[in-house]
Amino acid sequence: MKRTEEGRGGFGGRAWLAGLMLALFLLAGLARPAAALEIKSSDVHPMGYPTTEAIKYMGDLLSDWTSGRLQIKIFHSMQLGGEKEALEQVQVGALEMTRVSVGVVGPIVEDFNAFNLPYVFRSIDQMHKVVDGEIGTDLLNRLEKGGLIGLGYMDAGSRSFYNKTHPIRSIDDMKGLKIRVMQNPIFVDMVNGMGGNGLSVSFSELYTAMQTGVVDGAENNPPTYEVQKHFEIAKYYSLTEHLIVPEIFVFSKKVWDKLSPLDQQLIRKASALVVGRERELWAAKEQASLDALKKQGIQVITNIDKGPFIKATAPVREKFGAKFSALLKRIEAVK
Ligand code: GTR
């Protein structure tokens, strides 16, 4: 009898415990369901541009993989202002994601300035090898100390000058030209070194700055020049190709640290696919923009002797590159 009671008691106790465990398990599940997240992501470009379309693709992937639990909402066309502001919002966690030029990342993580020096890359191909390799990964990882999670690089071709005064055919034509550059002192020195007058202005104010004559022109890749309608004001485009600045898409570390390992993994997986997709979109868009510009009657000056431009910017590479000379040597060694 005693044995049986004990036995029953024992059995009943185990059942009770198992029930409690189950209840706790279910409660824990209820308290922490796989959290839904709408990832807000900003871009200065409109939908249809390679970068915004690539992020849209990322949103589609995440939504598919999670049955809509993870979504991306894109704030395009500077709805949230310029890139410096966007990065600040991402750093404090008010915005989950943004896509920006590496041009404005240098002031946050200085090593990125290695990519911001004029004529530092010999070709787009070399830049690809650098960002796809160890150097690219190293730098993305260093963003963490700036409160950012680097998800991947995007293509942005090479940047050249446009202005509304006269065609730039040689470096002498740079004299006195007021040229808007991205918000980074390197670019101001770069234009000044070439004999112009560099002014750092937010991208969100550039169209008006050109219209009102605050600047005579700016510098950018063909898709930006075309899509942002800068060609309407500055009709002379000269392919000096003085900068090959990649772009990046970054996540807020503040928000990232609260995500489940699974969600982090999904975002990483989608990001890797985004890089390839944007590269394809970019190649097609660059050509399409050059064609569209020609149709608009824009004179694109192509046969420029880059030698004097390279020479004139040597002091800029020396001044800003001194702090990361080892990194620059590694970049140079990439064939
Ligand atoms: C574009 C780039 C933008 C922005 C802009 C600028 O090429 O895609 O992210 O950096 O240049 O000049 O500010």
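The values are calculated or read from the model by the stated rules, or taken from the named source; none is laboratory data. Just so it is clear, the structure is predicted and the values come from calculations on it, not from any experiment. Here the Cβ is made from the backbone with ideal geometry for all residues, glycine too, and neighbour counts use every protein chain on show.
Considering each of 232, 241, 280, 205 in turn, give the residue that is of a type in the set (Asp, Glu) and within 11 Å of the ligand (Cβ to nearest atom). Can you show your working first?
Numbers: 232 fails: within 11 Å of the ligand (Cβ to nearest atom); 241 fails: within 11 Å of the ligand (Cβ to nearest atom); 280 fails: within 11 Å of the ligand (Cβ to nearest atom).
Exactly one residue qualifies, and that residue is 205.
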> Out of the stretch 208-228, which residues are under 21 Å from the mean Cα position of the chain (by Cα), more than 9 Å from the ligand (Cβ to nearest atom) and either among the acidic types (Asp, Glu) or not in a helix (DSSP H, G or I) (or both)?
Replying inline: 226
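Kindly check whether there is at least one residue in the stretch 134-142 that is of a type in the set (Val, Ile, Thr), in a helix (DSSP H, G or I) and either touching a Pro at 6+ places or on another chain (Cβ under 6 Å) or within 25 Å of residue 256 (Cβ to Cβ) (or both).
Step one: of the stretch 134-142, the residues of a type in the set (Val, Ile, Thr) are 135, 137.
Imposing the further condition that a residue be in a helix (DSSP H, G or I) reduces the set to 135, 137.
Those still in the list that are either touching a Pro at 6+ places or on another chain (Cβ under 6 Å) or within 25 Å of residue 256 (Cβ to Cβ) (or both) too: 135, 137.
Looking through the stretch 134-142, at least one residue is of a type in the set (Val, Ile, Thr), in a helix (DSSP H, G or I) and either touching a Pro at 6+ places or on another chain (Cβ under 6 Å) or within 25 Å of residue 256 (Cβ to Cβ) (or both).
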> Within the stretch 148-163, is even one residue crowded, with 21+ Cβ neighbours inside 10 Å, without any contact (Cβ under 8 Å) to a residue 24 or more places away in the chain, over 30 Å from residue 251 (Cα atoms) and not acidic (Asp, Glu)?
Replying inline: no
> Which of the residues belonging to the stretch 274-289 are surrounded by 15 or more Cβ atoms within 10 Å (Cβ to Cβ) and not small (Gly, Ala, Ser)?
Replying inline: 274, 275, 277, 278, 279, 281, 282, 285, 286
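Looking at the structure I just gave you, is residue 63 within 22 Å of residue 199 (Cβ to Cβ) and in contact with a strand residue (DSSP E or B) (Cβ under 6 Å, 6 or more places away or on another chain)?
Working: within 22 Å of residue 199 (Cβ to Cβ): no; in contact with a strand residue (DSSP E or B) (Cβ under 6 Å, 6 or more places away or on another chain): yes.
Spelling it out, it is not the case that residue 63 is within 22 Å of residue 199 (Cβ to Cβ) and in contact with a strand residue (DSSP E or B) (Cβ under 6 Å, 6 or more places away or on another chain).
Within the group 141, 184, which residue is among the polar types (S, T, N, Q), within 16 Å of the ligand (Cβ to nearest atom) and modelled with pLDDT of 95 or more? If you could, list the steps in order and put the result at the bottom.
Values: 141 fails: within 16 Å of the ligand (Cβ to nearest atom).
Among 141, 184, only 184 is among the polar types (S, T, N, Q), within 16 Å of the ligand (Cβ to nearest atom) and modelled with pLDDT of 95 or more.
Please find, among 126, 89, the residue that is assigned to a helix (DSSP H, G or I), out of contact with any Phe, Trp or Tyr (no Cβ under 7 Å at 6 or more places or on another chain), within 16 Å of the ligand (Cβ to nearest atom) and of a type in the set (S, T, N, Q).
Working: 126 fails: within 16 Å of the ligand (Cβ to nearest atom).
Unique residue meeting the criteria: 89.
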> What are the residue pairs meeting all of these: first residue in the stretch 37-51, first residue more than 11 Å from the ligand (Cβ to nearest atom), second residue assigned to a strand (DSSP E or B) and basic (Lys, Arg), Cβ atoms under 6 Å, and 6 or more apart or on different chains?
Replying inline: 38/73; 40/73
>> I'm checking my understanding of the structure. Among residues of the stretch 290-309 that are out of contact with any strand residue (DSSP E or B) (no Cβ under 8 Å at 6 or more places or on another chain) and within 23 Å of residue 121 (Cα to Cα), which one is surrounded by the fewest Cβ atoms within 10 Å (Cβ to Cβ)?
In response: 303
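Out of the stretch 273-320, which residues are at negative phi and of a type in the set (Gly, Ala, Ser)?
In the first step, residues of the stretch 273-320 are kept if they are at negative phi; the result is 273-296, 298-320.
Once the filter is applied, which keeps residues that are at negative phi and of a type in the set (Gly, Ala, Ser), the stretch 273-320 yields 276, 283, 284, 288, 289, 292, 307, 312, 314.
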> Among the residues of the stretch 251-273, is there at least one that is crowded, with 19+ Cβ neighbours inside 10 Å and either at pLDDT below 95 or within 16 Å of the ligand (Cβ to nearest atom) (or both)?
Replying inline: no
>> As an exercise: evaluate residue 99 against (1) outside any helix (DSSP H, G or I); (2) of a type outside the set (S, T, N, Q); (3) modelled with pLDDT of 95 or more; (4) surrounded by fewer than 19 Cβ atoms within 10 Å (Cβ to Cβ) and give the number of the one condition it does not meet.
In response: (4)
> Out of all the residues in the stretch 232-240, is one or more at pLDDT 95 or above, within 22 Å of the chain's Cα centre (by Cα), within 30 Å of residue 74 (Cα to Cα) and charged (D, E, K, R)?
Replying inline: no
> With respect to residue 209, is the statement that it is surrounded by fewer than 16 Cβ atoms within 10 Å (Cβ to Cβ) and within 24 Å of residue 118 (Cα to Cα) true?
Replying inline: no
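Rundown of residues vs (1) farther than 19 Å from residue 220 by Cβ; (2) away from the ligand (no atom under 16 Å from the Cβ); (3) of a type outside the set (D, E, K, R), yes/no style:
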{"residue": "245", "(1), (2), (3)": "no, no, yes"}
{"residue": "248", "(1), (2), (3)": "no, no, yes"}
{"residue": "275", "(1), (2), (3)": "yes, no, yes"}
{"residue": "303", "(1), (2), (3)": "yes, yes, yes"}
{"residue": "314", "(1), (2), (3)": "yes, yes, yes"}
